[in-house]
Each structure stands twice: as structure tokens, then as C-alpha cells.
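The structure under discussion appears below in the form of C-alpha cells.
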Amino acid sequence: MSADAIDKKPRLAIVIEGSRSQADHRALSMLAEAASAIGLSVQVLHHGLGRLARFRLRQQLRGFSADLYLVSGAASLTEVRGLATIAGKPVVACYWPHGVVHNLHLHRHPEDGSTKRQLPSHAIIGTETQRHAVQAFASGAQPWPMERLHTFPVPQGEAAPSPELLRDIVELLIELLGERSHRSLGHGLLKASAARVLTVVTRPRTLSLAYHQVVRELRGVDPNLVVGATTFERQVKALLARGYRPVLQADQAKELLGAEPSRGPSFAISFDDGYLDTLTVAAPILKSLGVPFTVYCITDLITGKLKLPWYELVQHALASASTAGRSLAVLGQFESLRRVLTHGLPGFRLVPSVMQTLKALADGEREKVCAALWDEVGNAVLARPQVPRYLDRESVQQLLTFGAEVSSHTCRHPILTRLSDADLLHELRESKRLLSELVGQCPGLSYPNGDSDGRVEAAVQAAGYEYAVRIDPVGGSPQRFRLGRQMVSELLGMGLDGSFSEKIFLAKLLRKK
């Protein structure tokens, strides 16, 4: 592997406290070896007693410049938290497999005796005793979202953790690395300054918020597409408290286009792709708040004709160490992809470049690549617990009980600008037909990947849609088939320490485009 490729390895610092048991030391050391084998640059540091030992630990941490910190208790978190906050990097508190959770992260200042909670970005546990301890902490004066708690099995007796178990934990850590670029000190200070100004002087305006998954455990190969249930509820409440009126996307479109009179500032919440958690997690929260919502469904998933969208297949195939090798071998058979596979990097590091390349291909060529990938690893990908589940016929109909608008995200989620005229019309008309038959409505369309052009927009109009939305906000006067939205995830409004900041969230929504 080239020196350049080595430099691109994500850096993981594992800090092991001396109070952990011999079995825990062994398990954490094995976890470090598994992380290194999958493609991370790992440094294991030991947290000793005494001022000199702590000083040496801090020096080692500064020299390593980690992208993610894994600490093994409250004492090591105290040493790491300040450094990680300044660097804008996540901190994971690891109590797995047998670590004791006691007086969780309550740090007393040695001089004035004041106390302050040191909050991890995420926590890993293995036992119910640990869960109960974290729950007690999470419900305290400074609530901590339980979606950031991750549970893994504890090896039985004196058995060492299996390679599969270690790999699963490492894959979680790789996912959490995706948060690191959203918490740098410079960006944080800039966002905080903007928040103080914009939330005071900016008048409310029409907002359209695009979500994907709302989850009870904050996992996802792409952190831009997930939001925890706790953060989601706080985001919606922040808009309601600011005086926004919740409406369906179709109704907001009518107001924007002058078909209906506007009754003041509004916000519309929509969900792309049709994930099952839209029904099971997001819908009950929105119902309790009196907020209607829109769901854009991929109809081949509803009918079972498609088991996974192509992008989920590719991302999960490369993200899992159990399938990455075979997946890279399949992708390497295609000339269009060889250029992005020549860096000697592990599969999870290649996901962005592979996805970008696939999106640029003609639809037929992309289909060939994904068909070959499905034949090789499709069943293994489907078996991954992290792979999301989607709405079926019955669950789509259940959305109506929540007052939802159900609209189209096409049949297969292709890049519409890459389709022939015939295939384009089929995607638009067939998805609209099926949803109209199933739930009696399909007023709008969300463009897959947010891509459209004049030809596509003319086809949308010809297919009988009332409006269409993109992902990115669009300037100028509203256009019926080019309405903009703001993508929302856990990362929007994230503060330096990884917690939700209402001021930053509102500032990023209200800023001028």
C-alpha cells in the first residue's frame, strides 16, 4: 500500500483504563487488532494513575491526532473530552464487555469542587446492568439520547470475543467516523456566531425539510441520511415553537404556486425512499405533535419486485468486511470502475468514489454492475441487521391513518436524467399508477438523487403530477416541478460536543441561500 493510502487511513485511539478487568483488557486489545485488520490506523494507550501518567497520555493523544476516540471509562473520558471537542472528533465510551458504569461521567473540578458531566458521543455496552446504569444517567438533568447507545453480545464465560463480533463493533466505529467533519472548532464557532444573529434577526420563511431515516439506534453507512428519534422530535418542536405552521408538502406547493392563499410561515416535512421506520418511529412522534407529513415511496420496494435499492446494495456491500473483498472483485470487472479501485484502500473508504462513479453511468450499465454485485453478495447484504427495511403494501396504507400524503419516488430510484424517454415515462407513470390504486393519491414526485433537467420536468408534467421536489433549495420564484428542500439529518444542528443545538439548527435552516 502506498504512503498516500496509509495517510488516508482513519485514526482510532483506544484508551484503556487500568481499572478494567484482565478479560476486558484482552477484549479491547483484540478489538484494536480487528480495527487495524479492517483498515484503521490504531493506537492503544493506557490510562494510568497520577498526574505524570495523565500528562503523558494527553501528549500521546495530541501526537496521534485521532479521528475517533474510544475510551473505557469515566476517568479516560475526562482526559479525552476536551481535546476531542477542540478537534471536533467523536468520543465513544466503551463499557463492553464487562466495564462498570458508576457515577457516570460526573467530573469534579480539583480546585473549586464544581461538577460537570463529560458526555460521550456514543456508548457501547454488553449487559443489562450497564444499560440500566446508562438509562439512569440519560434521564438525569442533562438528558442523553438513548439512540446513541449500542449493545453487543458479551462472550460467554472465559471465551474470547469471536472475530465476527469484533468485526461488527469495528463496523459501528467506522460508521461513527462519519460525524467527525461536522464538529471542527472553526466551523463550530462560526455556526454559533451565526446562530446568535440569525435566530434573532431572521424572519420566519417557508421551509421544506427532507428526511430519510428516523431511528431508535443511531446507525447508518451514510450519516447524512439518519437522525435519532430524540433529535428529530427536538427539531420539529423547535420549528413549532418558532411559529411555523406544519403542512403537507402538496399543500405547501399550492401556497407557493398561488393556487391557495398563504396563511403565514409554514414548514413541510417529507421522507424519501419509504423506510419502514417512517411509519414505526417518525409517524407516532409527528402525530403526538399534530404535524402532518409526506412520504415519497419507491414502488418496486412496496411490491417486492425490488429487495433493495441499488445504492443501499452498493454501500452495504462495501461497508461490511465480510462482503467488501468479494464486492471489490466484482466491481473491478467493469472498466468504468477500475480507476476508483486502484488506491489499495478498504471497501468502506471507497464508498463515496464508487457511488459518484455509478451515478454518472448510463442506467443500463449501472444495472449490469448492480446485478453482478447482487448475484455475488446480495443475500449476505440482506442478512445484515443494519440494512434498513422498507414499507410494503399494508404499511403504506397504514400511513393514511396518520394523515400522511403518499407520493412517488419512482419505481426503482434511477437517475432520471440518465434514462431514455421511454424508461423515464415508465418510471413516472407506473409509480404514480400503483400508488393511486393502493392509497388513492399520488400528487407529487421527489426526484431520486435530486437530479432533474428540462426534459425530466416536462415528462413529470406529462405524467400528471401536481408538483415535484428536489433536495437542494432553489432560488428565484417557485417553479412547480423544481421546488427545493433542505436535507436534514442528525448532523444538522450538531454542536461541538455532538449534542443537538437548537440555535445552530435554526440558523442553518434560516440562512439566506
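The figures follow:
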{"read-out": "Ellipticity estimate at 222 nm from DSSP helix runs (n ≥ 4, -39,500 (n - 2.57)) divided over the chain, nearest 500", "value": "-13500 deg cm²/dmol"}
{"read-out": "Estimated FRET transfer efficiency (Asn224, Leu276; beta-carbon r; R0 22 Å; 0.05)", "value": "0.65"}
{"read-out": "Cα-projected label distance for Ser336 with Asn379, points at 7 Å along beta-carbon direction, nm", "value": "2.8"}
{"read-out": "Extension gain from Ser21 to Ile86, taking 0.36 nm per residue of separation minus the Cα-Cα distance", "value": "20.3 nm"}
{"read-out": "Stretchable slack from Gln386 to Gln156, in nm (0.36 nm times residue separation minus alpha-carbon distance)", "value": "80.4 nm"}
{"read-out": "Part-to-part distance (alpha-carbon centres) for the range 401-471 and the range 209-274, which is given in Å", "value": "20"}
{"read-out": "Zone of Ala329's modelled label, taken as backbone nitrogen in the range 363-378 under 19 Å from a point 7 Å along Cα→Cβ", "value": "369-378"}
{"read-out": "Amide hydrogen neighbours beyond the local backbone of Phe271, cut-off 5 Å, H modeled", "value": "Tyr211, Thr294, Val295, Tyr296"}
{"read-out": "Å³ per residue enclosed by the Cα convex hull of the range 431-513", "value": "130"}
{"read-out": "Pairs from Lys8/Lys89; Lys287/Lys508; Lys237/Lys508 whose Cα-Cα separation, in the structure shown, is over 21 Å", "value": "Lys287/Lys508"}
{"read-out": "Inter-centroid distance (Cα atoms) of the range 32-63 relative to the range 130-173, Å", "value": "21"}
{"read-out": "Surrounding net charge for Gln356, when Lys and Arg each add one and Asp and Glu each subtract one, Cβ distance under 15 Å", "value": "+3"}
{"read-out": "GluC sites (Glu not before Pro) lying in DSSP loop within the range 1-94, provided at most 10 other Cβ fall within 10 Å", "value": "none"}
{"read-out": "Sparsely packed trypsin sites (Lys or Arg not before Pro) within the range 255-326, loop by DSSP, other Cβ within 10 Å at most 15", "value": "Arg263, Lys305"}
{"read-out": "Alpha carbon convex hull of the chain, projected area averaged over orientations, nm²", "value": "25.2"}
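Each reported figure results from applying straightforward, stated rules to the coordinates on display, with no laboratory input. Computed from a prediction, not measured in an experiment: that's the story for all the values here. Every residue, glycine as well, gets a Cβ built from its backbone with ideal geometry; the counts of neighbours run over all protein chains shown.
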